[in-house]
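See structure below.
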Amino acid sequence: MPGLMQDNDLMISSLIRYAAAYHGQQEIVTRTVEGPIHRYTYAEAESRSKQLAKVLINRFGILPGDRVGTLAWTTYRHFELFYGVSGMGAVLHTTNPRLFAEQVSYIINHAEDRVLFIDLDFVPMVEQLLPELGGIEQFIILTDRAYMPDSSLPGVLCYEELLAAEDDQYDWPTFDEKSASSLCYTSGTTGNPKGVLYSHRSTIIHALSAAQNSAYGLSVYDTIMPIAPMYHANAWGLPYVAAMLGAKLVLPGAKMDGESIHDLIETEGVTFSCAVPTVFSMLFQYLEETGKKVEALQRTMIGGSAVPKAMTETFRETYGVTVLQIWGMTETSPLGVIASPTPEIDALPAEQREEIMDKQGRVQFGLEIKVLDEAGHEVARDGVAYGDLWVRGPWVTSGYYKAEGGKVLDQDGWFPTGDVVTIDQYGYMKITDRSKDVIKSGGEWISSIDIENLAVGHPKVLQAGVVGIFHPKWEERPILVIKPAPGEPPTEAEIKAFLTGKIAKWWMPDAVFIVDEMPLTATGKIKKIALREQYKDCLSG
C-alpha cells in the first residue's frame, strides 16, 4: 500500500533557490584571483547562476548530461558554476589543476568536456595542453574584460561578458533526481585517475547528513570557509551545505598561505573551516612567527590524511579551537565518519575522551561500514583488531565513470575503500593505514600513520612520511622522511630518542632522512609512492 505523500525529485537547484528566497541578503565573500575582495548575496548568486544556465543553453547548445569542465579556484564564479551547470541538467566536471599536465588532459578528454571554464592562473597550462584538447568546443576565462589576458586559445571568451548578454528570466527545470550532477576524478587509485559521478539525489542526501549536529554541526549562525578546494570532492560538500542553511560563505580563492587564511578568518569572522593538515601547518607557522591568534574560529574540520595529535592539541590548547577529524574519499562524496562527540564520550575522563576524539570518528546515519580481516570475517569492535574498511550508502559510488576498473562493489553492494582501520566499543573508527601503506616486517604489521603522527609532535618537525622499504631479512622495514620546521633541523638521533618509549622497539624506523621539500600529491597528501621509489635501495646494503 503506497503512502499518500508528494514525490518531488531532489534537485541541486533547490538549494540556491531556497537560499535566495529565504536568506537572500546573506553574504558570499571571495578573495578573487584578480586580488580584490568580492561581496554579493545569495540572491545575486542565484540570479547570475540562472544567467549562466542560459549562456550554456543558448550560446553553446549544452544539453542535459553534457559535461562542462572547470579549472578553477574556490571563488564566487566557480560557485555559480556549481549551480548553473548542474541546475540546467548538465554535469559539472571540476578538474584538479595541481595534477600532472598529462593527467589534466587525460581527465578532460576522458570526461568528454564540451566547454572549459578557466581561472586566470591556469590559462598558460591550458595553452600548453591545447593540442591534446581537441574535444573542447569553447574556452571561457573566469574574469571580466579588464583582466582578460592575451591568449592563444582559439575563440576564447570572457565570462562576465557572456553573463551580461543574458537576463535571469529562467525557471530551474525538474528531472529525475538520479541524473548525474557533477563529476570528480580521484587520483587515489592505481593507474589513471578514475571518475566518480555524483547525482542530484546523492548530493542532496549527503548535504542533509553533513549539516547535522552529529556531523559538521553547522547552522545559519556560522560563517563557513572551505579551504578544501572546490575541485576536491566539491569542497567537501560545503557549497551545498552553506546554501541549504543560508550561512555566510567565505571563499579563499588561490591564496592558501598562512597569512592569507588568517586574514580571512579574522576579517570575515569565520567560525568554521576545513582543510588538509598541510594547510593548517602553514597557518600554525604564521601564527607562531607573528604571535597572532584566531579569535573568530571555533571549529576546524581536518581530513584528507590522518591528523597529527600535535595539531589537534595545538588547536585545542593554544587557540581554543575544536578539531573535528573526518574520514572520507571522493567515492563517498566525501563524508564517511567524523569525530563528533556523544554524551557517553563526554562523560569519560578527559584523557580517555581526547584519545577517542583524536580518532577519525563515528559513522553518520545513511552510511554503513564494516571491517573485515584477511579471511573476510568482521573484526571485533575493541579498538585493537584491524582490517579492511568497506562502506555502502546513498552517497557512495557504485562504480567509476565509463566502468573504469571494472566492477568495484562486492555482491552485497559494499565498496572497498583501501583503508585499514580499527573500530572501538563506542563505534569510533581509527585509520591505521592505507592497505598499500601498511608495513609488514617479519610477519608483523607496522602502522606508518602512527609513527608519522608521533614524529610531527617533535618541535623541529614540520612534515613526516613513513614508508616500508625492502629488507633482505625482515621483508620490509620502516624509514622516516622528515621536512624540518624553520630553524635548525633535527638529527636522526634526536628523532629516534623522541620516538623511544612511544612506539614498540621493532617499530623504530631503520633510517631517518631530512629533506628540504616533501613530495606531495595534488590534494596535499604526502606522495608515498615517490618516497618508496627514491629510497627503495637504502636498506639493501
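Structural descriptor for segment 16-202: relative contact order 20 percent, calculated from alpha carbon pairs under 8 angstrom and at least 6 residues apart. Here the gap between Leu372 and Glu132, fully extended at 0.36 nm per residue and compared with their Cα-Cα distance, gives a gain of 82.1 nm. Amide hydrogen proximity for Val91: with H placed 1.01 Å from N in the peptide plane, the residues at 5 or more positions away or on another chain lying under 5 Å are Gly65, Asp66, Arg67, Val68.
Summarising the amide proton neighbourhood of Gln138: residues at separation of 5 or more, or on other chains, whose placed amide H is nearer than 5 Å comprise Leu116. A straight line joining the Cα centroids of segment 38-85 and segment 285-321 runs 34 Å. Does anyone have the angle between helix 42-54 and the longest principal axis of the chain? Alpha-carbon axes, 0 to 90°, nearest 10? Once rounded, the angle reads 70 degrees. Using a cutoff of 8 angstrom between alpha carbon atoms and counting only pairs six or more residues apart, the relative contact order for the chain works out to 10 percent.
Inter-label distance, Arg381 to Ala164: 6.0 nm, where each label sits 7 Å from its Cα along the C-beta direction. Estimated from helices alone, the mean residue ellipticity of the chain at 222 nm is -7500 deg cm²/dmol (sum of -39500 (n - 2.57) over DSSP H runs with n ≥ 4, per residue). Angle of helix 200-211 to the longest C-alpha principal axis of the chain, folded into 0 to 90 degrees and rounded to 10: 50°.
Direction-averaged projected area, Cα convex hull, segment 16-202: 10.7 nm², rounded to one decimal. Using only the alpha-carbon atoms, how far is helix 101-111 inclined from the longest principal axis of the chain? Give it as 0 to 90 degrees, nearest 10. The angle comes out at about 50 degrees.
Of the residues Ser86, Leu499, Phe470, the one whose Cα sits farthest toward the positive end of the charge dipole of the chain, with +1 on the Cβ of Lys and Arg and -1 on the Cβ of Asp and Glu, is Phe470.
Which of Lys440/Lys502; Lys248/Lys460; Lys309/Lys505; Lys50/Lys293 have a Cα-Cα distance over 31 Å?
Too far apart for the 31 Å limit: Lys248/Lys460; Lys50/Lys293.
Per-peptide packing, taken as the mean over residues of other Cβ atoms within 10 Å, places 145-155, 249-259 in the sequence 249-259, 145-155 from highest down. Put a plus charge on the Cβ of each Lys and Arg, a minus charge on the Cβ of each Asp and Glu, and nothing anywhere else: the dipole of segment 16-202 about its Cα centre is then about 480 debye. In a simple Cβ point-charge model (Lys, Arg +1; Asp, Glu -1; nothing else charged), the chain has a dipole of about 460 debye relative to its Cα centre. Annotation: amide H-H contacts under 5 Å for Phe513 (H modelled 1.01 Å from N, sequence separation of 5 or more, or interchain): Leu480, Val481, Ile482. Across segment 132-141, coupling constants 3J(HN,Hα) worked out from phi with the 6.51/-1.76/1.60 Karplus curve, θ = phi - 60°, read 9, 10, x, x, 6, 8, 8, 9, 10, 9 Hz, and Gly and Pro carry x.
For segment 437-541, give the magnitude of the charge dipole about the Cα centre (Cβ charges: +1 Lys/Arg, -1 Asp/Glu; no others), in debye to the nearest 20.
160
Please list the three semi-axes, largest first and in whole Å, of the ellipsoid equivalent to segment 437-534, using sqrt of 5 times the eigenvalues of its alpha carbon gyration tensor.
20, 17, 11
Using the Cβ-Cβ distance between Lys402 and Ala493 with R0 = 45 Å, the FRET efficiency computed as 1/(1 + (r/R0)^6) comes to roughly 0.30.
Values quoted throughout were computed directly from the atomic coordinates according to the rules given, and no laboratory measurement underlies them. Just so it is clear, the model here is predicted, and its values are computed rather than measured. Cβ: placed from backbone, ideal geometry, glycine included. Neighbour counts: every protein chain shown.
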